[in-house]
Amino acid sequence: MSAAFESSVPTVSASDAIVSVRGVGKTYKGGFEALKRIDLDIRRGEILALLGPNGAGKTTLISIICGIVNASEGSIVADGHDIVRDYRAARAAIGLVPQELHTDAFESVLSTLRFSRGLFGKPPNAEYLERILRDLSLWEKRNSKIMTLSGGMKRRVMIAKALSHEPKVLFLDEPSAGVDVELRHDMWQMVRRLRESGTTIILTTHYIEEAEEMADRIGVINKGELILVEEKHVLMRKLGKKQLTLSLQQPMPRIPEALSGLPLELSDDGLTLVYTFDAQSDETGIASLLRRLGEQGIDFKDLRSSESSLEEIFVNLVRKPKEERA
């Protein structure tokens, strides 16, 4: 791995990191390498979104940090505790909402929260549990058996269970999977409130919109490798691109030779010309482009600008060979 590639996964000081992952790898029987020596520091109080295709290693990494799966190599410290040598203290700092809905179907909502809190040795705190249930719009369902709830409500119960012991770090593995748009936005609001209260949030998601809406930093995992970890706004500035789209008055059979050196693309029907430029550069080249179009007698009736979404950046990252990403 080149130095340039490694530098895209920055570390933070020990005082800032609530979870530190060092050289963590996972190889299953048969030789499948699910994770390849992951290094990652998760900052206190941040929302970190982990993006990656199916099978990229997101859930494996979370499962190792939470002590559900054993790493083949490497070490992890959570809230100052090694997750192997001091498992109970490390696990007490962590809340996990898994993808699958595993709930105590015959228990009531409030009972399962009390039980989960007790498992971590926490004393009863009716006021705290009520606040969680109200925040998740579950208070009216507190005495209902979990088996009677809708899928969306069961997802809320899973989050409430994960929060019942007051963890400092909350892992949400595909929190929006199978929930409707309204619940998804309710969950986003809840996650923001948790972050404001000091909880560190790590979420894996297939919804790029979710990461773009909420995350402070973005991590991209592909084929067991952590490709990068970057501030969201920095990532979109560095890897995004802007485009100027011009709708032409008359179809053009090809881009004139005089314009061949410019980053231009012509649509198949010859009616749209797209110019790609670096919005951060002191000189975008737009003024020069428009002047040269005029010199060539190319008239346009409309123009509009657009910039890359996080989804486009993500797709480009996972498609590129590693040497090109470096």
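The values are calculated or read from the model by the stated rules, or taken from the named source; none is laboratory data. For clarity, every value in this text was computed on a predicted model and none was experimentally measured. Reconstructed Cβ throughout: ideal geometry from the backbone, glycine too, with neighbour counts over all protein chains shown.
Residues that are of a type in the set (S, T, N, Q) and closer than 12 Å to R292 by Cα within the stretch 247-264 comprise just one, S260.
Among the residues of the stretch 94-147, the one identified as over 31 Å from the mean Cα position of the chain (by Cα), surrounded by 15 or more Cβ atoms within 10 Å (Cβ to Cβ) and acidic (D, E) is E107. Being part of a helix (DSSP H, G or I) and closer than 27 Å to A34 by Cα holds for only one residue in E212, E140, E130, E182, and it is E212. Is at least one residue of the stretch 76-84 more than 21 Å from H165 (Cα to Cα) and either at pLDDT below 90 or assigned to a loop (DSSP other than H, G, I, E, B) (or both)? Scanning the stretch 76-84 turns up no residue that is more than 21 Å from H165 (Cα to Cα) and either at pLDDT below 90 or assigned to a loop (DSSP other than H, G, I, E, B) (or both). Once the stretch 172-226 is narrowed to residues that are at pLDDT 80 or above and polar (S, T, N, Q), the residue that is farthest from the chain's Cα centre (by Cα) is S197. Picking from residues in the stretch 269-293 that are assigned to a helix (DSSP H, G or I) and exposed (fewer than 11 other Cβ atoms within 10 Å of the Cβ), the one that is modelled with the highest pLDDT is R291. Of the residues making up the stretch 162-171, at least one is under 21 Å from E46 (Cα atoms) and either at pLDDT below 85 or of a type in the set (V, I, T) (or both).
Per the listing D86, D41, D82, the residue uniquely acidic (D, E) and buried (at least 18 other Cβ atoms within 10 Å of the Cβ) is D41. Entry remark, the stretch 105-122: residues being within 17 Å of R156 (Cβ to Cβ), in a helix (DSSP H, G or I) and not hydrophobic (A, V, I, L, M, F, W, C) number 5 in total.
Looking for something in a strand (DSSP E or B), modelled with pLDDT under 85 and loosely packed, with under 11 Cβ neighbours inside 10 Å - is there at least one such residue anywhere in the stretch 304-313? Looking through the stretch 304-313, at least one residue is in a strand (DSSP E or B), modelled with pLDDT under 85 and loosely packed, with under 11 Cβ neighbours inside 10 Å.
Closer than 17 Å to I94 by Cβ, assigned by TED's automatic domain parsing to the domain that holds A90 and not in a loop (DSSP other than H, G, I, E, B), is that true of R195? Yes.
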